[in-house]
Amino acid sequence: MTTYLVTGGAGFIGSNFIFHLLERYPQARIVCLDALTYAGNLSTLAGVMERENFRFVRGSVTDREAVFALFQEERPEYVVNFAAETHVDRAIESPGVFLETNILGTQNLMDACRQYGVERFHQVSTDEVYGDLPLDRPELLFTEETPLCASSPYSASKAAADLLVQAYVRTYGLPASISRCSNNYGPYQFPEKLIPLMIANALADRPLPVYGTGENVRDWLYVADHCKAIDLILHRGRAGQVYNIGGHNEMRNIDIVRRILACLHKSETLITFVKDRAGHDLRYAIDPAKIHRELGWLPETRFAEGLEKTIDWYLAHRDWWEQIVSGEYRAYYQRMYGGR
Ligand code: NAD
Ligand code: DAU
């Protein structure tokens, strides 16, 4: 039986990836290691907890002993690392934990992979490691050869981890790969991120805080398409390689917010322009030619369809996110948006 270790599987993309694996490889064993930080929710995994071929382990990738003990016990063939601190605004507020989790956590996992041997270690990275692109040069896209040029403590920590992965490939021959994806959206995304935050606020008739002028551009991909791409890279992608993942779907933040309001039949008067994010990246745009050429991957979900599915999901799963937008999140929201 093949064993997959998925770290950060109680978060947004990691949980969607676990659901993908369980459906696609019903004979496989899936072990999820997650620290259950504010961003991790066991309720997300409730539907799979009782499966015989699924095991949830609460623990941190920064706990080296616990990581090694888990490898000793489970001997995973495939390790996919989603575990990370992921929110740019939180990184601006307190960068330390981003360096610990995103860099040292990755190192611990790779050292365990070296000690116990794996078929593949896959690092889930981000397009943010490339920095940003100007708004007035639409022909420019991030390719795998674009130099790393991180702008925030979050993206710097992800770029550092990417460099470490590449160093382990070269120095120790670790069979590792890296994927750099654009912005994801879909079910189970924590409501601090743009799309679920705007859906939740619109439903409550609360102001929709748009940073700066709202003209910053992100390149959106439905989460299920990201999961399929990682599956392909894990099994058929070349070790030692970086693959960009994106669907040529650039949108201005303000246009996304307007679309959400229109879908929910809410007034645009809810839009409130607030102080910009420090160091705010202007535009991300991925060139996904390599993963298409080598692995035949193409996104399957058009944005209009994906956004509708996402809004429907948030409407149908109010318990999931209403429980989250209380407690720690309230204090965070007050700190982040209170004086803006
Ligand atoms: P998320 O914040 O929703 O989830 C992160 C998960 O990691 C949570 O379950 C959390 O509990 C867990 N975690 C945090 N610290 C941990 C630790 N020390 N040990 C074990 N688990 C820990 O994140 P996400 O949006 O699902 O992102 C997953 C990965 O994908 C990240 O590496 C991120 O950089 C990358 N990524 C995200 C996007 C996006 O748009 N969300 C796009 C490209 C890449
Ligand atoms: O590009 C991939 C990255 O996408 C991932 O690596 C990150 O983990 C993920 O958080 C995301 O980063 P962004 O900073 O692009 O996502 P966020 O949802 O925070 O913001 C998207 C855009 O919306 C950004 O330009 C900032 C803006 N924004 C965000 C929030 C939360 C607002 O205007 N208002 C808001 O309240």
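The table for this structure:
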{"read-out": "Looking only at region 117-172, and only at residues there that are more than 15 Å from ligand 2 (Cβ to nearest atom) and of a type in the set (S, T, N, Q), the one that is surrounded by the fewest Cβ atoms within 10 Å (Cβ to Cβ)", "value": "171"}
{"read-out": "Whichever residue in region 63-107 is of a type in the set (S, T, N, Q) and touching an Asp or Glu at 6+ places or on another chain (Cβ under 7 Å) and, among such residues, is nearest to ligand 1 (Cβ to nearest atom)", "value": "101"}
{"read-out": "Residue in region 244-254 that is open to solvent by 10 Å² or more (accessible area, probe 1.4 Å), more than 9 Å from ligand 2 (Cβ to nearest atom) and at pLDDT below 95 present", "value": "yes"}
{"read-out": "Candidates 112, 91, 66, filtered to the one that is in a helix (DSSP H, G or I), open to solvent by 20 Å² or more (accessible area, probe 1.4 Å) and under 28 Å from residue 163 (Cβ atoms)", "value": "66"}
{"read-out": "Helices (runs of 4 or more DSSP H) contained in region 138-256 and holding at least 3 residues closer than 26 Å to residue 308 by Cα and either within 16 Å of ligand 1 (Cβ to nearest atom) or of a type in the set (Val, Ile, Thr) (or both)", "value": "194-203, 223-236"}
{"read-out": "Residue 314 vs. criteria modelled with pLDDT under 95, open to solvent by less than 30 Å² (accessible area, probe 1.4 Å) and not β-branched (Val, Ile, Thr)", "value": "no"}
{"read-out": "Top-ranked residue in region 195-215 [being touching an Asp or Glu at 6+ places or on another chain (Cβ under 9 Å) and over 15 Å from residue 265 (Cα atoms); ranked as nearest to ligand 2 (Cβ to nearest atom)]", "value": "211"}
{"read-out": "Residue satisfying condition, being over 26 Å from residue 162 (Cβ atoms), out of contact with any Asp or Glu (no Cβ under 9 Å at 6 or more places or on another chain) and modelled with pLDDT of 95 or more, within set 51, 29, 24", "value": "51"}
{"read-out": "Residue check for residue 73: over 30 Å from residue 277 (Cβ atoms) and either part of a helix (DSSP H, G or I) or of a type in the set (Lys, Arg) (or both)", "value": "yes"}
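A quick yes/no check of all residues on (1) touching a helix residue (DSSP H, G or I) at 6+ places or on another chain (Cβ under 8 Å); (2) of a type in the set (D, E, K, R); (3) more than 10 Å from ligand 2 (Cβ to nearest atom); (4) open to solvent by less than 50 Å² (accessible area, probe 1.4 Å):
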residue	(1), (2), (3), (4)
258	yes, yes, yes, no
263	yes, no, yes, no
267	yes, no, yes, no
283	no, yes, no, yes
310	yes, no, yes, yes
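The values are calculated or read from the model by the stated rules, or taken from the named source; none is laboratory data. Quantities reported herein were computed from a predicted structural model and do not represent experimental measurements. Neighbour counts run over all protein chains shown; Cβ positions are idealised from the backbone, glycine included. Accessible surface is based on the protein model in full, side chains and every heavy atom, while ligands, DNA and RNA are left aside. Shrake-Rupley method; radii C 1.70, N 1.55, O 1.52, S 1.80 Å.
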